[in-house]
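Participant: Structure below; questions to follow.
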Amino acid sequence: MSLVRLLYHEQIVEHSKKPRNHKRLETANHLAEGHNPLCGDHQIVYLQVEDDIVRDISFLCIGADEVKNCAISKASASMMTRILKGKTRKEVEALFSEFHGMLTGTFDEETVPNNLGHLKVFAGVREFPMRVKCATLPWHTMLAALNEQEKVSTE
Amino acid sequence: MLSRDEEMATTLEQLIPIKPKPREGWDVERIRKDFPVLRQTVNGKPLVYLDNAASSQVPVMVIERGAQYIQQEHSNIHRGVHYLSMKATTAYEGAREKIKRFINARESRECIFVRGATEGINLVMYGYGRKVVGAGDEIIISAMEHHSNIVPWQMLCEEKNAKLRVIPMNDAGELLMDEYDALLNERTKLVAVAHVSNALGTINPIKEIVERAHKYGVPVLIDGAQAAPHMPVDVQDLDCDFYALSGHKMFAPTGSGVVYGKAALLEQMNPFQGGGDMIKSVTFEKTIYADLPNKLEAGTPAIASQIGLGAAVDYLSIIGREKAAAYEHELLVYATERLAAIEGVRIIGTAREKLGVLSFVLDDIHPHDIGTILDLEGIAIRAGHHCAQPVMQRLGLSATARASFAFYNTRQEVDALVQGIEKVIEVLG
């Protein structure tokens with residue numbers, strides 16, 4: 001695989017261009033705002049949680065222009081919303097630590113059984129330390145929303 | 001062996017200005033040999049360094065001067081009567097003399113050594129601003145300032161209950177001088193403006209700005225961090241009251257820099273920091289401060305870095321500042337033409353008077369993704385808000401990609417940048 005595709009996997013590019021669940025969620029009962037001041041990535045994650053189950057989830061990029069957020073953070077948020085719908089709080093937290101561990105190199109997704117599925121396309125991001133926070137921002141924001149913190153920053 | 005007097009004489013001889021050697025055209029390949037860092041590959045591709053506005057590279061001559069100081073001359077300055085202290089002091093003060101000539105200050109004591117332009121601006125804020133600015137007073141800055149020429153003045157305004165006024169700019173990135181006129185009044189205590197914008201490359205009309213402020217008796221500070229490395233600067237001709245520059249943006253090591261101030265203003269100023277080297281006498285009852293420049297230079301400075309800055313100034317005179325500037329301008333024009341021709345590229349900052357900086361955005365693609373893919377091609381650019389968030393807000397952008405040039409960059413490197421951008425479009429477009 002070329003170095004550029006290690007980071008910009010086709011699936012990541014596709015999601016960044018057509019992000020899923022990129023909208024305000026009217027039924028949300030949890031939300032949090034995440035911001036990476038270093039690169040300007042800025043998102044809101046909306047959650048509708050009932051009986052400790054994520055019934056619905058969406059995200060919205062914030063920014064002065066049309067581009068708003070980088071491809072990695074957009075794709076990561078998009079794919080996160082796809083995988084978390086219907087998951088219990090426990091499952092969400094387990095996925096968070098697997099995803100976070102994969103990106104920070106503390107979790108080997110190839111040898112340890114896990115539920116990462118399609119999210120494994122983000123494994124290449126760990127080779128680009130400057131971009132790890134782009135991929136983890138939506139996840140940190142989601143966790144903050146779940147725990148009802150007001151704002152989260154990856155700085 | 002030379003006597004000490006002879007040593008001093010030879011050192012002083014080195015201070016005599018080096019006449020720029022006449023040079024036909026611009027032999028960029030020869031210039032590149034002076035910069036060892038450029039001889040490397042990144043991700044298997046030759047390094048293309050286009051992030052000079054963030055920090056420039058250091059030529060061998062400067063590296064060797066710093067190394068020579070550390071190996072043979074190091075000691076503390078202005079202290080000992082011993083041989084090494086004298087050597088170190090002579091070299092350090094020699095660097096000040098070189099800087100004085102470089103910006104055409106009247107006297108070398110008007111050149112205060114600082115860590116960089118940021119510290120220079122803070123020094124003026126603490127030493128001058130805090131002394132003269134009071135409640136209800138106003139400080140004027142511009143819409144295109146780097147955070148380093150915004151935040152110190154905000155801090156001062158907050159402390160003194162003063163007001164920060166901002167000269168607006170047009171969409172091209174040019175200051176609206178009529179609006180500036182309207183801002184000036186008897187409450188204005190200081191004007192602080194960039195000579196060249198780091199995010200847009202605009203060269204501001206400093207002489208005009210200074211002249212209009214002086215009509216109200218208002219002193220002007222110029223942030224020269226982007227200008228000093230790339231264009232001749234004459235502080236007497238500009239008639240500015242303060243001028244701050246960073247060594248690391250002008251081919252010297254980090255930790256070096258100068259803030260120039262007119263002697264009369266520097267003399268009025270409170271010390272920036274207290275400590276050794278800035279005093280005449282200390283008792284527990286009273287301290288008498290040293291004369292300029294020492295009053296404003298407490299503690300042991302970055303001696304090797306500042307000596308390096310002196311050597312960088314020598315280097316610039318040897319290669320010829322005006323020739324270097326002319327070559328950089330040609331390169332900017334070429335790069336602007338080539339980038340503007342790429343579909344989807346929009347150049348940000350289109351002032352008529354521009355220097356060395358080419359900011360751009362690419363349809364639907366975030367500057368950080370541009371920066372990462374270019375890096376994989378060995379090309380170093382800056383992506384983000386360039387420490388000028390208000391500029392981004394004014395232009396309705398969250399970030400830009402920025403290529404910035406120095407006289408060691410080549411047309412081939414511009415071509416590589418163009419190919420790199422085409423690659424970005426191929427991957428993400």
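Participant: Within the stretch A:69-86, can you find the residues that are out of contact with any Ser or Thr (no Cβ under 6 Å at 6 or more places or on another chain) and of a type in the set (D, E, K, R)?
Facilitator: The answer is A:Arg82, A:Lys85.
Participant: Okay, next question. Given the conditions (1) within 14 Å of another protein chain (Cβ to nearest Cβ); (2) free of Cβ contacts under 8 Å to residues at least 12 places away in the same chain, report the number of the one that A:Ser97 does not fulfil.
Facilitator: Here A:Ser97 meets the rest and fails (1).
Participant: Tell me, please, whether a residue that is closer than 18 Å to B:Phe251 by Cβ and outside the structural domain of B:His147 (by TED's automatic domain parsing) can be found in the stretch B:69-86.
Facilitator: Filtering the stretch B:69-86 down to residues closer than 18 Å to B:Phe251 by Cβ leaves B:69.
Pick out the ones that are also outside the structural domain of B:His147 (by TED's automatic domain parsing) and you get B:69.
Among the residues of the stretch B:69-86, at least one is closer than 18 Å to B:Phe251 by Cβ and outside the structural domain of B:His147 (by TED's automatic domain parsing), which makes the answer yes.
Participant: Moving on. Give me a count of the residues in the stretch A:64-97 that are surrounded by 18 or more Cβ atoms within 10 Å (Cβ to Cβ), over 19 Å from A:Leu47 (Cα atoms) and not aliphatic (A, V, I, L, M).
Facilitator: Here the count works out to 3.
Participant: Continuing with this model, one more query. Take residues that are of a type in the set (Val, Ile, Thr) and tell me which of the strands (runs of 3 or more DSSP E) falling wholly in the stretch B:189-308 contain 1 or more. Quick ask: steps written out before the conclusion?
Facilitator: On the way: elements: B:220-223, B:242-246, B:257-261, B:279-282, B:287-289.
Where strands (runs of 3 or more DSSP E) fall fully within the stretch B:189-308 and carry at least 1 residues being of a type in the set (Val, Ile, Thr), they are B:220-223, B:257-261, B:279-282, B:287-289.
Participant: Give B:Glu426, B:Glu377 a once-over and let me know the one that is within 12 Å of chain A (Cβ to nearest Cβ), within 26 Å of B:Glu330 (Cα to Cα), charged (D, E, K, R) and over 26 Å from the mean Cα position of the chain (by Cα). Outline the logic, then answer.
Facilitator: Working: B:Glu426 fails: within 26 Å of B:Glu330 (Cα to Cα).
Of B:Glu426, B:Glu377, the one residue that is within 12 Å of chain A (Cβ to nearest Cβ), within 26 Å of B:Glu330 (Cα to Cα), charged (D, E, K, R) and over 26 Å from the mean Cα position of the chain (by Cα) is B:Glu377.
Participant: Check the stretch A:58-67 and report whether any residue there is of a type in the set (A, V, I, L, M), in contact (Cβ under 8 Å) with a residue 40 or more places away in the chain and within 14 Å of chain B (Cβ to nearest Cβ). Walk me through how you get there before you give the answer.
Facilitator: Filtering the stretch A:58-67 down to residues of a type in the set (A, V, I, L, M) leaves A:60, A:62, A:64, A:67.
Next, only the ones that are in contact (Cβ under 8 Å) with a residue 40 or more places away in the chain stay: none.
No, the stretch A:58-67 has no match at all.
Participant: Follow-up. Looking at A:His35, A:His42, A:His15, which one is within 14 Å of another protein chain (Cβ to nearest Cβ) and either of a type in the set (Ser, Thr, Tyr) or in contact with a helix residue (DSSP H, G or I) (Cβ under 6 Å, 6 or more places away or on another chain) (or both)? Quick ask: steps written out before the conclusion?
Facilitator: On the way: A:His35 fails: either of a type in the set (Ser, Thr, Tyr) or in contact with a helix residue (DSSP H, G or I) (Cβ under 6 Å, 6 or more places away or on another chain) (or both); A:His42 fails: either of a type in the set (Ser, Thr, Tyr) or in contact with a helix residue (DSSP H, G or I) (Cβ under 6 Å, 6 or more places away or on another chain) (or both).
Answer to the selection: A:His15.
Participant: Then there is this: When the residues of the stretch B:362-395 are filtered to those that are out of contact with any Asp or Glu (no Cβ under 9 Å at 6 or more places or on another chain), assigned to a loop (DSSP other than H, G, I, E, B) and at pLDDT 95 or above, which remaining residue is surrounded by the fewest Cβ atoms within 10 Å (Cβ to Cβ)?
Facilitator: Among those residues, the one meeting the criterion is B:Gly378.
Participant: Another question, if that's okay. Under 7 Å by Cβ, and 6 or more places apart or on different chains, what pairs join a residue from the stretch B:397-421 that is outside the structural domain of B:Ala252 (by TED's automatic domain parsing) with one that is surrounded by fewer than 19 Cβ atoms within 10 Å (Cβ to Cβ) and hydroxyl-bearing (Ser, Thr, Tyr)?
Facilitator: Final answer for the pair search is B:Arg411/B:Tyr334; B:Val414/B:Tyr334.
Participant: Moving on. From the residues in the stretch A:1-12 that are surrounded by 15 or more Cβ atoms within 10 Å (Cβ to Cβ) and modelled with pLDDT of 90 or more, which one is farthest from the other protein chains (Cβ to nearest Cβ)?
Facilitator: Start the filter on the stretch A:1-12 by keeping residues that are surrounded by 15 or more Cβ atoms within 10 Å (Cβ to Cβ), which leaves A:3-4, A:6-9, A:11-12.
From the residues that got through so far, the ones that are modelled with pLDDT of 90 or more too are A:4, A:6-9, A:11-12.
Values: A:Val4: 5, A:Leu6: 9, A:Leu7: 7, A:Tyr8: 5, A:His9: 11, A:Gln11: 13, A:Ile12: 10 Å.
Out of the qualifying residues, it is A:Gln11.
The values are calculated or read from the model by the stated rules, or taken from the named source; none is laboratory data. Note that this is a predicted model, so its numbers are computed, not measured. Because the Cβ atoms are built from the backbone with ideal geometry, glycine has one as well, and the counts that use them run over all protein chains shown.
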